[in-house]
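Asks: The following block contains the structure, expressed as structure tokens.
The values are calculated or read from the model by the stated rules, or taken from the named source; none is laboratory data. What you see is a predicted model, and the numbers here were worked out from it, not measured in a lab. FYI the Cβ positions are ideal-geometry reconstructions off the backbone, even for glycines, and counts take in every protein chain you see.
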Amino acid sequence: MKRRSWLLDGTVATAVAGLGVLESSWGVGATHRQGPHWAEAALYVVTGLLLVVRRVRPLACLATIVAVSVVEFAVVGSPEGQGVMLPGVIAAYTVASRIELRRSWWGLVLVGVLWGGWAALDPMNATLDKRWLAVVWLFPYVIAWLVGALVRATRQVAEQRRLAREQRASRAVAEERNRIARELHDVIGHSVSVMTVQASAVRRRLTPEQDVERQALETVEAVGREALTEMRRMVGVLRQGEEPDREPPPGLDQLDRLVGKFRVAGLPVRLDVTGTARPLAPGLDLTAYRLIQEGLTNTLRHAARPTTVEVAISYGDTSIELAVRDDGAIPGTGAEAGSGLLGMRERVSVYGGRLTVGPGASGGFLLEATIPLDRATAPPDVAAEQP
């Protein structure tokens, strides 16, 4: 237990013991004092100070309070007042809030023993009617136990929700990584195929004397074909149980088509492109497309009555900036939106970029990404030379 928790429990125990001394010595808050005042004060001090360990040994703390109290009641009679009740109430609450439900039922048994000993050994309860009326003083113990049980249940539900969120986040990241791997297979596979074809074309143009160059190019061809085979095998594992995707990987050249689909769905999308457009590396082009697709999907699902949805693309000298902004009301973010954004963070991190999501400066919701272009621009197109 942390030092601050010990300090809190020590303060509570000292306060309860102090109130007990005031009650036993000067009658502050007492209904009826019984026996020597020093004996009553000793009971209140002992039971109050036992609360120091209430969170370390909840059940033992309550059991000790019950045992000490019942012994004192049997020796000198049970008093009436807050001092005799407060330690048991606090300990019963702690038992119910800190211990699993099955064991915490013993807390109810113990407070029942405490109340029974107090009611039976109180000289003020001389008649049967008064002993029946004393049942009302059992309620504070039971209520304290029920409140503790409610606190424990609430804490368990919050912990289960936290674990569920973490599991959803982990699953979303894993699924997005699989999706990235599948999509990059198509991108990289095409590039490796071009490299292999070019190496084969150059090898066929060599003269018979260029044996060293021929062997080097044959090695490039063999390695390229092996890489393609391994990639197909690994991605085949990732794609088990899925329908094969026959469509080519999308990119920003298909952005007008994407925006058109969301306009048909009722989203007032406006596209704004600034800077000098340039060809991007296939993987980055695909990532940019997916970012805008995710931003528009979240707006369609979660934004309440947006009047303007802006898709902005800005080509800079060293980076590309992508943004999806809307002016709709922002409800609570759903689990699906959160999972999708986690996937987008994975995609952006591949290229060393930065993703920002949250409320926009003028209202609505903003998804904004900045991705460097220093190592992500497309290589010049090279036509595959046929052998």
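Asks: Among (1) within 21 Å of Asp9 (Cβ to Cβ); (2) β-branched (Val, Ile, Thr); (3) modelled with pLDDT of 90 or more, which single condition is Val113 missing?
Replies: (1)
Asks: Does Ala227 satisfy the criteria of being modelled with pLDDT of 80 or more, surrounded by 15 or more Cβ atoms within 10 Å (Cβ to Cβ) and small (Gly, Ala, Ser)?
Replies: The answer is no for Ala227.
Asks: Taking only segment 143-194 into account, find how many residues are modelled with pLDDT of 80 or more and surrounded by 16 or more Cβ atoms within 10 Å (Cβ to Cβ).
Replies: Total satisfying the criteria: 5.
Asks: Also, I was wondering about something else. Within segment 268-285, how many residues are surrounded by 14 or more Cβ atoms within 10 Å (Cβ to Cβ) and of a type in the set (Ser, Thr, Tyr)?
Replies: 0
Asks: Among all residue pairs at least 6 apart or on different chains, which show Cβ distances below 8 Å where the first residue, located in segment 148-169, is within 18 Å of Gly107 (Cβ to Cβ) and the second is in a helix (DSSP H, G or I) and of a type in the set (D, E, K, R)?
Replies: Close Cβ pairs (under 8 Å, with a partner that is in a helix (DSSP H, G or I) and of a type in the set (D, E, K, R)) amount to Gly148/Arg98; Arg152/Arg98.
Asks: Conditions: (1) more than 35 Å from the chain's Cα centre (by Cα); (2) farther than 16 Å from Thr94 by Cβ. Leu62 meets all but one. Number of the miss?
Replies: Condition not satisfied by Leu62: (2).
Asks: Going through Ala288, Ala337, Ala323, Ala312 one at a time, which residue ends up being more than 16 Å from Arg270 (Cα to Cα), surrounded by 15 or more Cβ atoms within 10 Å (Cβ to Cβ) and at pLDDT 90 or above?
Replies: Unique residue meeting the criteria: Ala288.
Asks: Right, something else. Would you list the helices (runs of 4 or more DSSP H) that sit entirely within segment 62-165 and hold 2 or more residues that are at negative phi, out of contact with any strand residue (DSSP E or B) (no Cβ under 6 Å at 6 or more places or on another chain) and among the small types (Gly, Ala, Ser)?
Replies: Output list reads 82-98, 101-120.
Asks: How about segment 252-368: which helices (runs of 4 or more DSSP H) wholly inside it have at least 3 residues that are outside the structural domain of Glu175 (by TED's automatic domain parsing), under 30 Å from Gln167 (Cα atoms) and among the hydroxyl-bearing types (Ser, Thr, Tyr)?
Replies: It comes to 282-302.
Asks: Read through the list (1) modelled with pLDDT of 85 or more; (2) out of contact with any helix residue (DSSP H, G or I) (no Cβ under 6 Å at 6 or more places or on another chain); (3) hydrophobic (A, V, I, L, M, F, W, C), then give the number of the only condition that Ala361 fails.
Replies: Unmet for Ala361, out of (1) modelled with pLDDT of 85 or more; (2) out of contact with any helix residue (DSSP H, G or I) (no Cβ under 6 Å at 6 or more places or on another chain); (3) hydrophobic (A, V, I, L, M, F, W, C): (1).
Asks: List the residue pairs whose Cβ atoms are under 8 Å apart, where the first residue sits in segment 258-269 and is under 17 Å from Asp327 (Cβ atoms), the second is among the aromatic types (Phe, Trp, Tyr), and the two are 6 or more positions apart or on different chains.
Replies: Final answer for the pair search is Val269/Phe262.
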